[in-house]
Amino acid sequence: MKKQIEINAIILKEPSHLEKIRTTLVTELKPDEVLLKVHRIGICGTDLHAFRGRQPFFTYPRILGHELGVEVLEIGSGVTDLKIGDRCAVEPYFNANPDQAVRAGKTNCGENLSVFGVHEDGGMREFIVLPARYLHPSDKLSYEQLALIETLSIGFHAIKRADVREDDKVLVIGAGPIGLATIQFAKIKKAKIAAMDLNQERLDFSKNHLNVEGLINAKSEQVLADIRKIFDGDLPTVVLDATGHSQSMKNTFDYVAFGGKIVFIGLYQGDFTFFDPLFHKKEITLMASRNSLGKDFDEIISLVEKGILDTGPWVSHRVFFQDLPKKFESFLDPKNGVIKAMVELK
């Protein structure tokens, strides 16, 4: 392929303004790089927040897209673990500098972390060039399944952070895509699970597609009683909050069992306070979960390949690449029941 080519891309020029453009891509590969054709792009909550103008650490204009199913077209001279034609998921957490966290293996939260499609231009374009180390191949999964791996990895990493086990009682707050992914991996651990959300349709989805029996509408006037009923009088040993809502996060201190764990997956942009005596009284373990690790991608791909993890229910809406600018805003409307929108490139 030529060293520089013209390609189609979709750019978020400013909040609420997506536009299809022509841009150039340098395809001269460094030894560790790979030229990729983008086949599928998952629409993430991050993309929706950016469209609304509510995404932190974000500047415009920006090419979005970090949930990707891609095909290897060319490989650099130093790449030995990929071949032309490989289908891959993309790990979009880039660390140009091996800072302290990265050296310790925490590539998900490096001090100088740059997320593809968030802090730098991403994959909402026909072709991209990436270092091979961020690619996770599978000869069994479809491009659509591979584009779901990053979303799934957020929940997977949170369950790992909490060290969820079979005897745990798990409450997941927020039944959007990240919460649903968290539920799926808690189920694989065979923990007893309850899901909480304000949106009854999302709770119904949890029941109908993920077989979650313990459902709690956050609008209930007796949430604590509802929680105890599901857990046979007990409180959850692990509470994972995927809402990024300060009041929801604060409520977790009331919901969690004595000696239990709270994991904040969602991100709240502001100061967060809690009642310290309750925190100490319960001896709560409080932690954050950010992004995921490369080995998380590989483990999830293996689970999907083996049929242990079903991606079938995930994609609720599909749109062709060229139609995305005019369709994108509809994904924000709760009436449309979007679980995961998937962009298809021909």
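The values are calculated or read from the model by the stated rules, or taken from the named source; none is laboratory data. Note that the coordinates shown come from a computational prediction; the quantities given were computed from them, not determined experimentally. Here the Cβ is made from the backbone with ideal geometry for all residues, glycine too, and neighbour counts use every protein chain on show. All accessible areas refer to the heavy atoms of the entire protein, side chains included, with ligands and DNA or RNA removed. Shrake-Rupley method; radii C 1.70, N 1.55, O 1.52, S 1.80 Å.
Observations
- Residues listed by number, the stretch 37-65, amide nitrogen under 16 Å from residue 101 label point at 7 Å toward C-beta: 56-58
- If both residues of a DSSP beta bridge must be in the chain, then about 60% of such bridges are antiparallel.
- Residue-normalised convex hull volume from the C-alpha trace of the stretch 211-346: 182 Å³ per residue.
- Proximity of backbone amide H atoms, modeled 1.01 Å from N, is registered between residue 67 and 42 at under 5 Å, excluding neighbours fewer than 5 places apart on the same chain.
- With protein chains left intact and a 1.4 Å probe, residues in the chain average 47 Å² of accessible area per residue.
- Peptides ranked, highest mean first, by Cβ atoms within 10 Å: ranges 68-80, 4-16: 68-80, 4-16
- Low-density loop cleavage sites - trypsin sites (Lys or Arg not before Pro) in the stretch 174-274, where at most 11 other Cβ are within 10 Å (DSSP): 219
- Spin-label model distance (nm) - residue 335 vs residue 60, 7 Å beyond Cα toward Cβ: 2.5 nm
- On the basis of the beta-carbon distance and an R0 of 25 Å, residue 310 and residue 167 show a calculated FRET efficiency of 0.55.
- For residue 275, solvent-accessible area (1.4 Å; no DNA, RNA or ligand), Å²: 140 Å²
- Computed accessible area, residue 215, all protein chains, 1.4 angstrom probe, square angstrom: 50 Å²
- Between residue 288 and residue 23, the modelled labels are 2.8 nm apart [label points 7 Å from Cα along Cα→Cβ].
- Distance from the C-alpha centroid of the stretch 277-293 to that of the stretch 157-204: 16 Å, rounded to the whole angstrom.
- Accessible surface ranking that places the most exposed of 67, 33 first, with a 1.4 angstrom probe: 33, 67
- Ranked order, 86, 310, 167 - accessible area, probe 1.4 Å, largest first: 167, 310, 86
- Candidate lysines for bridging to residue 37, where Cα separation is under 16 Å - those fewer than 8 sequence places away on the same chain excluded: 2, 3, 83, 346
- Under 22 Å of direct C-alpha separation, and excluding same-chain neighbours fewer than eight residues apart, residue 189 reaches these lysines: 160, 169, 207, 229, 261, 295, 306.
- Top of 185, 321, 258 by mean-square fluctuation, Gaussian network on the chain, Cα under 10 Å: 258
- For a label point 7 Å along the Cα-to-beta-carbon line of residue 246, residues of the stretch 47-83 with backbone N under 18 Å: 54-57
- Computed over the stretch 62-156, relative contact order equals 41 percent, with contacts defined as Cα pairs under 8 Å that lie 6+ residues apart.
- Of (i) 136; (ii) 122; (iii) 159, the label for volume of the Cα convex hull per residue in Å³ derived from the coordinates: (i)
- Mean Cβ neighbour count within 10 Å, used as a protection proxy, ranking 234-241, 105-112 highest first: 234-241, 105-112
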